[in-house]
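Only one structure is covered here, and it is reproduced in the block below.
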Amino acid sequence: MKNIIEVKDLTTSYKNRIIQDNISFNIKYKEIFGILGGSGSGKSTLLSTMIYLKEPVSGSIKIFDSDIWKVSQNKRSIILRKCGVVFQFGALYSSLNVLDNVGIMLKEYSFYPKKIIDEISKYFINIVGLPSYVKDLYPHELSGGMKKRVGLARALAFNPKILFLDEPTSGLDPQSAENFDKLILKLRDHFNLSVVMVTHDLDSIKDITDRFILLDNSKILFSGSLEEFKHSEANKIDNLLKSKRGERLWKEE
Ligand SMILES: Nc1ncnc2c1ncn2[C@@H]1O[C@H](COP(=O)(O)OP(=O)(O)OP(=O)(O)O)[C@@H](O)[C@H]1O
Ligand SMILES: [Mg+2]
């Protein structure tokens with residue numbers, strides 16, 4: 001299967017502190033790809049670099065065969081418009097209701113009249129499993145899980161090919177997290193999405209990711225599928241799997 005993203009020899013840092021040290025990995029078309037690692041291991045930093053928010057020190061990130069840090073601005077805009085992002089903390093506009101939050105990208109970048117934008121937004125509010133009354137609520141009136149779904153609806157409304165999710169299930173109770181994971185699977189199949197998901201939720205890794213990388217100490221400690229992970233010999237992986245939260249990875253259902 002063709003790669004949709006290729007990260008090669010990537011190094012990132014804040015001032016002199018190296019966060020990623022010469023890492024490489026590929027993401028395939030229609031794959032749900034996990035970026036896993038402990039808190040502070042650099043997951044969000046890596047994601048920011050992949051979506052053109054944080055400049056790398058060196059290396060390349062190719063999305064649809066183009067190095068997003070090297071291509072012309074025009075080409076980059078075209079690429080980035082095919083990338084939907086759901087940020088770690090929702091990043092909804094507190095002064096806008098849900099309907100306008102979901103439609104914001106269309107308002108900025110499309111020529112649709114407001115009426116059509118509202119219709120598209122309502123469609124995606126429905127697609128992510130929210131009841132229609134939610135469209136009139138403001139972010140402070142939403143539960144954590146609802147905020148995540150609104151963020152997802154907003155990312156989907158611009159018809160992305162790749163969806164970047166930063167900790168989509170963190171802060172959710174196990175049932176809501178599981179439901180959210182199922183929704184991601186459904187959306188991947190429905191919209192033919194490739195999904196890049198930052199998570200430290202081991203259940204998500206088990207349930208929906210096809211492959212993942214495990215970040216540790218600025219490097220990739222492991223890269224591959226869950227099956228390969230289980231047979232890997234690295235010590236730290238062993239420790240993780242023996243931990244309480246890692247137990248479920250072993251259980252067959
Ligand atoms: N803007 C910044 N300026 C300086 N250092 C930063 C900045 N953002 C993150 N860092 C540092 O970079 C390291 C990686 O942070 P990052 O947010 O990428 O981790 P993470 O894996 O996403 O963590 P979490 O699971 O808690 O979200 C941390 O040590 C953090 O303190
Ligand atoms: Mg983070």
Pairs only if they're at least six apart or on different chains, beta carbon under 6 angstrom, first in region 31-47 and in contact (Cβ under 8 Å) with a residue 40 or more places away in the chain, second near ligand 2 (Cβ under 8 Å from one of its atoms) and among the basic types (Lys, Arg); list them, first residue then second. Ile35/Lys43; Gly37/Lys43
Index of the failed condition, Lys107 passing every other in (1) at pLDDT below 95; (2) more than 16 Å from ligand 1 (Cβ to nearest atom); (3) not assigned by TED's automatic domain parsing to the domain that holds Ile117: (3)
If a residue must be under 25 Å from Tyr133 (Cβ atoms) and within 16 Å of ligand 2 (Cβ to nearest atom), how many such residues does region 148-166 contain? 2
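Per-residue answers, yes or no, for (1) of a type in the set (Phe, Trp, Tyr); (2) crowded, with 16+ Cβ neighbours inside 10 Å; (3) not assigned by TED's automatic domain parsing to the domain that holds Gly145:
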site	(1), (2), (3)
Asn16	no, no, yes
Ile19	no, yes, yes
Phe25	yes, yes, yes
Tyr29	yes, no, yes
Ile35	no, yes, yes
Ile63	no, yes, yes
Pair list, Cβ under 7 Å, 6 or more apart: region 68-81 residue farther than 19 Å from Ser194 by Cα, other residue loosely packed, with under 12 Cβ neighbours inside 10 Å: Trp69/Glu55
Count of region 133-176 residues which are hydroxyl-bearing (Ser, Thr, Tyr) and assigned to a helix (DSSP H, G or I): 2
If you go through region 77-116 one residue at a time, how many are of a type in the set (Lys, Arg) and within 19 Å of the chain's Cα centre (by Cα)? 2
Does region 65-83 hold any residues that are surrounded by 12 or more Cβ atoms within 10 Å (Cβ to Cβ) and among the small types (Gly, Ala, Ser), and which are they? Ser66, Ser77
Quick check on my filter: what residues within region 139-171 are surrounded by 23 or more Cβ atoms within 10 Å (Cβ to Cβ) and of a type in the set (Lys, Arg)? Lys148, Arg149, Arg154
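The values are calculated or read from the model by the stated rules, or taken from the named source; none is laboratory data. For clarity, every value in this text was computed on a predicted model and none was experimentally measured. Note that each Cβ is placed from the backbone with ideal geometry, even for glycine, and that neighbours are counted across all protein chains shown.
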